[in-house]
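In what follows, a single structure is set out as structure tokens and then discussed.
The values are calculated or read from the model by the stated rules, or taken from the named source; none is laboratory data. Values in this document were obtained by computation on a predicted structure and should not be read as measured data. Cβ coordinates were reconstructed from backbone atoms using ideal geometry, including for glycine residues, and neighbour counts include every protein chain displayed.
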Amino acid sequence: MDLMEAVRARHSVRSYLDTPIEAEKADQLRAFIDECNGESGLRIQLILEEPKAFSGFFAHYGMFSGVKNYIALVGEKEDKDLEEKCGYQGEKIVLRAQQLGLNTCWVGLTYRKVPGVIRVREYEKLVCVIALGYGSTQGKARRSKAVKDVVEGTGHPDWFIRGAEAALLAPTAVNQQRFKFTRRSSLVLAKAGRGPYAKVDLGIVKCHFEIGAGKDRFMWDWEMK
Ligand SMILES: Cc1cc2nc3c(=O)[nH]c(=O)nc-3n(C[C@H](O)[C@H](O)[C@H](O)COP(=O)(O)O)c2cc1C
């Protein structure tokens with residue numbers, strides 16, 4: 001499964017089977033997470049066989065069941081790009097998990113921080129987690145905005161449209177899809193909307209945009225307004 005196929009196949013899954021993640025797959029994921037941490041300076045952690053974070057009230061309230069594996073997105077509080085980085089690196093891991101035949105769901109609030117499990121140093125922040133495992137289903141497609149709703153300007157090349165289409169398949173908090181893409185020649189600016197976790201969403205959709213458009217077709221513009 002290539003990355004674009006993973007983008008198309010991924011849906012949020014909230015109900016999981018008891019099947020453990022095989023040691024070999026866990027090792028592959030851990031190695032990939034190490035790479036992501038090296039690239040970004042984050043301290044993303046893989047937590048396996050720990051059912052307490054999603055039990056009792058939290059499972060019920062968040063409509064989750066059977067979650068016992070998750071990925072914790074942790075980084076330095078002072079980093080002004082912390083949320084966006086967690087979105088970008090977290091979604092890379094989500095798509096790698098999908099390629100390994102696993103399912104996922106981003107989770108902002110409906111989990112418990114079990115003492116001594118996720119390591120968060122004094123100068124760090126836990127941004128959110130991603131539930132992980134073998135889903136009892138593969139999830140399903142949900143409603144989505146159209147390309148015209150998330151793109152500014154007209155007359156865009158195919159690669160730009162393909163990037164926006166891949167972004168529309170990305171997970172966003174409460175499916176808000178409040179991001180926008182603008183282009184000047186081969187410079188692309190991605191803007192976060194307002195709303196809960198909008199900066200995390202921004203990182204997630206930038207990851208998808210790169211896969212849809214092709215990373216070598218454009219550069220991210222941080223200055224263009
Ligand atoms: C940052 C973020 C936080 C999220 N938090 C939750 C959550 O707390 N509970 C939940 O059930 N889903 C949560 N979701 C999943 C979204 O509801 C889901 O991605 C969205 O409805 C789109 O559906 P899809 O992922 O199947 O494409 C979150 C997604 C993101 C990106």
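Below is a table of values for the structure above.
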| read-out | value |
| --- | --- |
| Region 56-80 - residue that is surrounded by fewer than 18 Cβ atoms within 10 Å (Cβ to Cβ) and hydroxyl-bearing (Ser, Thr, Tyr) and, of those, modelled with the lowest pLDDT | 61 |
| Any hit, region 165-172, residues being assigned by TED's automatic domain parsing to the domain that holds residue 15 and outside any helix (DSSP H, G or I) | no |
| Segments classed as helices (runs of 4 or more DSSP H), wholly inside region 1-65, with at least 2 members that are among the polar types (S, T, N, Q) | 23-40 |
| Residue list for region 192-207, restricted to those being of a type in the set (D, E, K, R) and in contact with a strand residue (DSSP E or B) (Cβ under 8 Å, 6 or more places away or on another chain) | 206 |
| Residue count, region 128-158 (criterion: under 30 Å from residue 26 (Cβ atoms) and either surrounded by 11 or more Cβ atoms within 10 Å (Cβ to Cβ) or among the polar types (S, T, N, Q) (or both)) | 12 |
| Leading residue by the ranking (farthest from the ligand (Cβ to nearest atom)) among those in region 95-115 that are in a helix (DSSP H, G or I) and touching an Asp or Glu at 6+ places or on another chain (Cβ under 9 Å) | 99 |
| Unmet requirement for residue 53, which otherwise passes all of (1) under 20 Å from residue 42 (Cβ atoms); (2) crowded, with 22+ Cβ neighbours inside 10 Å; (3) within 18 Å of the chain's Cα centre (by Cα) | (3) |
| Evaluation of residue 4 against (1) over 18 Å from residue 107 (Cβ atoms); (2) modelled with pLDDT under 95 (one fails), failing number | (2) |
| Output for region 73-94, where each listed residue is touching a strand residue (DSSP E or B) at 6+ places or on another chain (Cβ under 9 Å) and part of a helix (DSSP H, G or I) | 82, 83, 85, 86, 87, 89, 90, 91, 93, 94 |
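Okay, residues lined up against (1) assigned to a loop (DSSP other than H, G, I, E, B); (2) modelled with pLDDT under 95; (3) of a type in the set (A, V, I, L, M, F, W, C); (4) under 22 Å from residue 72 (Cα atoms):
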site	(1), (2), (3), (4)
117	yes, no, yes, yes
130	no, no, yes, yes
137	yes, no, no, no
142	yes, no, no, no
145	yes, no, no, no
162	no, no, no, no
174	no, no, yes, yes
190	no, no, yes, no
